[in-house]
1. Please give, to one decimal in nm, the separation of the simple spin-label points placed at residue A:89 and residue A:10, each 7 Å out from Cα toward the Cβ.
2. What FRET efficiency, computed as 1/(1 + (r/R0)^6) with R0 = 45 Å and r the Cβ-Cβ distance, is obtained for residue B:197 and residue B:21, rounded to the nearest 0.05?
3. May I ask you to list the GluC sites (Glu not before Pro) in region B:483-583 that are in a DSSP loop and have at most 15 other Cβ atoms within 10 Å of their Cβ?
4. Find the centroid of the Cα atoms in region B:251-285 and in region B:600-632, then give the distance between the two in whole Å.
5. What does the helix-only formula give at 222 nm for the protein assembly as shown: each DSSP H stretch with n ≥ 4 adding -39500 (n - 2.57), the total divided by the residues, and the result rounded to the nearest 500 deg cm²/dmol?
6. Among the trypsin sites (Lys or Arg not before Pro) in region B:159-199, which ones are in a DSSP loop with at most 13 other Cβ atoms within 10 Å of the Cβ? Mind listing them?
7. Using the 10 angstrom Cβ neighbour count as an exposure proxy, how do B:110, B:538, B:603 rank, fewest first?
8. Compute the acute angle (0 to 90°) between the alpha-carbon long axis of helix B:527-549 and the principal axis of greatest extent of the alpha-carbon atoms of chain B; round to the nearest 10°.
Amino acid sequence: MVPLSWYMILSMIVFTIGVFGFLSRRNIIIMFMSIELMLNAVNINLISLSHYLQDLRGQILAFFVIAVAASEAAIGLAIVIALFRNKATAHVDEVKEMQG
Amino acid sequence: MKLYLLIPFLPLAAFMINILLGKEVLRDKAHWPSILAVVGSFFITITSVLPEVMAGKVINEDLYTWIVSGTFNASVGFLIDPLTAVMLIVVTTCASLIHIYAVGYMHGDTGYYRFFAYMSLFTFCMLMLVMGNNFLQLYFGWEGVGLCSYFLIGYYFNKKSAADAGKKAFIVNRFGDFGFGIGVFMIFLTFGTLHYADVFANVSSIIGQKVNFLGWIVDLPTLIALLLFCGAVGKSAQIPLHVWLPDAMEGPTPVSALIHAATMVTAGVFLVARCNPIFNLSPVAMNVVAVIGALTMFFAATIAIVQNDIKRIIAYSTCSHLGYMFLACGVGAYAAGIFHLYTHAFFKALLFLAAGSVIHAVHTNDIQEMGGLKKYMPITYAVFVIAGLSAGGFPGLSGFFSKDEIIWSAYASGSAVGKFVWILALAGAFFTPFYTFRLIFLTFHGKYRGGHQEEHPGHGAHDSHGSHHGEHHIHESPKVMTIPLMLLAVGAVAAGWVGIPPLLGGGAHFAEFLKPVVGHPEFHGTHAEEWGVMALSTTLVMIGLGLSAFLYLRKTDLPEKIAKQFSIIYNILFHKYYIDELYHYTIIKPTLWIADKVIVAITDAKIIEGVVNGVPGAIGRFSQRLRKVQTGLAQHYGIFMAAGAFFIIALVLLLR
């Protein structure tokens with residue numbers, strides 16, 4: 001068995017990649033992929049802790065997270081399609097109506 | 001239920017009824033609540049209060065305590081002693097008769113209910129003033145009668161001169177009330193209480209005390225007395241605050257009779273008499289009172305001899321008689337002052353009401369446009385003559401006894417000030433019958449000089465209406481007006497008979513009645529001197545009467561020649577010594593200038609607008625900068641959220 005810390009470092013790295021991707025990419029689809037990355041990083045954390053602490057609750061919570069991620073992706077893509085139909089762009093820095 | 005409580009509260013109920021229901025429900029029956037209330041008060045006074053007081057009973061009770069703060073009690077209370085009883089007789093009798101008269105005089109006027117509502121409110125406030133047992137209730141009644149005076153003078157509010165006169169009366173009164181208010185504060189600071197009984201019982205504790213007032217060290221009794229006298233100067237139209245009284249004649253004549261002759265203006269004299277324990281401690285204050293009274297008396301009498309408006313002549317006469325009353329109080333003869341107040345109420349109200357009868361008939365106030373009216377209005381003429389003789393001090397009538405008492409008290413007071421005011425009082429004894437009979441002769445004798453005006457459109461106020469009636473339309477007034485005149489005439493003749501001095505065989509009952517309240521002055525004079533003074537003043541009265549008859553009955557062209565000869569003096573007197581112009585240039589114009597150039601232009605436009613506009617402007621400019629944080633880009637918001645979360649977690653971990 002590898003030490004627990006390796007898994008947690010892995011999850012930290014993936015989460016950080018996800019945060020940076022979300023904050024700095026222009027394309028809305030890439031932002032959604034980053035969100036999924038963040039959620040999956042959390043899942044890695046939960047599963048590894050559940051295995052190392054022999055507590056099943058981590059894995060159950062991971063199920064919840066997967067379900068929520070899936071539904072959130074569905075709704076988010078529906079919003080993107082609506083946005084694309086109105087603004088004909090997938091670049092978020094061109095959607096600035098709420099400025100000011 | 002104590003019966004005396006009904007005396008002020010009946011008119012209050014009449015006011016509430018009239019003001020709430022008068023316009024729609026009562027309309028031209030609005031006089032019934034007021035008349036029933038005030039006549040009810042009169043009956044309760046005569047049948048219940050007066051016999052008790054004459055038997056020696058004094059009522060001093062608090063009805064309701066409004067404020068209790070430490071040792072300070074502000075309460076609604078009633079004190080009924082001989083002085084109050086005299087004032088109650090004056091107020092209720094005159095008010096009843098004048099209310100009845102006003103039914104005829106104000107007939108058909110559109111604001112009928114308003115008139116009677118305010119008259120009832122006035123009666124209530126005046127009764128609270130005289131029946132109060134503490135200074136706060138006195139002040140309440142004082143302000144209340146001033147307010148009703150404003151309402152009633154400005155009754156014809158559509159007329160600018162009437163509205164201005166109402167304002168002038170209230171504002172000039174306010175000057176006096178300012179001093180009066182400070183006087184009441186001083187009384188509270190000194191004695192810790194405002195109830196008369198407590199203040200007057202402890203008044204000897206302040207003899208000789210000095211206080212620091214605005215930087216000067218002054219004698220405390222003198223200070224309090226003079227401050228209280230400020231209020232009396234304003235309310236009773238003494239110099240220098242007399243300017244409102246002639247203008248107050250813009251109100252309807254019953255108002256002039258009730259408020260500006262019999263009751264409100266006498267509140268100042270009542271105040272001085274009520275506070276006589278304080279005044280007695282301060283010779284300076286008493287001299288001030290006597291001198292101001294004497295000067296006002298002389299001053300107003302000299303103005304009255306050249307005026308042409310019937311009501312203004314009587315107004316200056318009132319001013320002059322009030323000077324007599326203060327003269328009496330100033331030399332210590334408070335009972336004589338109150339006696340004159342009592343007789344004056346009858347003959348002065350009678351003069352005003354009879355003048356109203358004349359105005360009602362000829363629709364003008366200018367006596368130069370009247371003349372020869374005695375054959376058309378015999379009852380009015382007869383009561384006018386009776387009132388004039390009483391006012392002038394003709395022997396045997398009530399005015400003679402009260403005036404003579406004052407003149408003798410001035411002479412016998414023994415001080416230099418007393419002698420000075422006695423001389424002025426003698427001059428007044430000459431002038432009073434002179435101008436009163438000038439008025440009577442010019443109005444009722446000779447040939448009718450009026451009826452030459454052009455048509456006057458509309459009805460307008462009674463008081464300045466050009467007559468398009470000819471001579472043949474003049475008629476005597478209806479019974480509802482002449483019966484009060486006749487009843488008042490009985491008072492003008494006989495009311496003084498309760499105070500016939502011992503010299504003439506009477507018992508001086510009036511002075512004896514008031515002695516427990518106001519004391520008795522020391523007289524330094526012999527019986528022979530008393531006869532001499534009486535003879536001298538009576539002679540002066542006859543000379544005044546005779547000269548008036550000579551100038552206005554016999555040689556009627558002579559007055560005009562004299563006026564032309566002494567035109568400077570005539571102009572000064574006619575323009576009332578230019579006091580109104582003086583006040584206008586020294587007080588009113590600077591005040592209006594300050595209001596315009598300083599208050600409006602600087603404090604209002606610059607300072608207040610600066611704050612009111614500046615604060616929102618600054619907030620606006622700040623928010624313009626702050627809103628740049630909202631970029632509209634979700635990623636920027638995401639950065640803020642991530643940074644915030646990071647900082648909170650770091651804080652929690654570091655502070656562990």
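Values in this text are rule-based calculations from the coordinates and carry no lab data. The structure displayed is predicted, hence computed values, not measured ones. Neighbour counts run over all protein chains shown; Cβ positions are idealised from the backbone, glycine included.
1. Distance between label points: 4.0 nm.
2. 0.70
3. Loop-located and lightly packed - B:522.
4. 56
5. Rounded to the nearest 500, the figure is -22000 deg cm²/dmol.
6. In loop regions of region B:159-199 (DSSP not H, G, I, E or B), there are no sparsely surrounded trypsin sites (Lys or Arg not before Pro).
7. In order of increasing Cβ crowding within 10 Å: B:110, B:603, B:538.
8. Rounded to the nearest ten degrees, it is 90.
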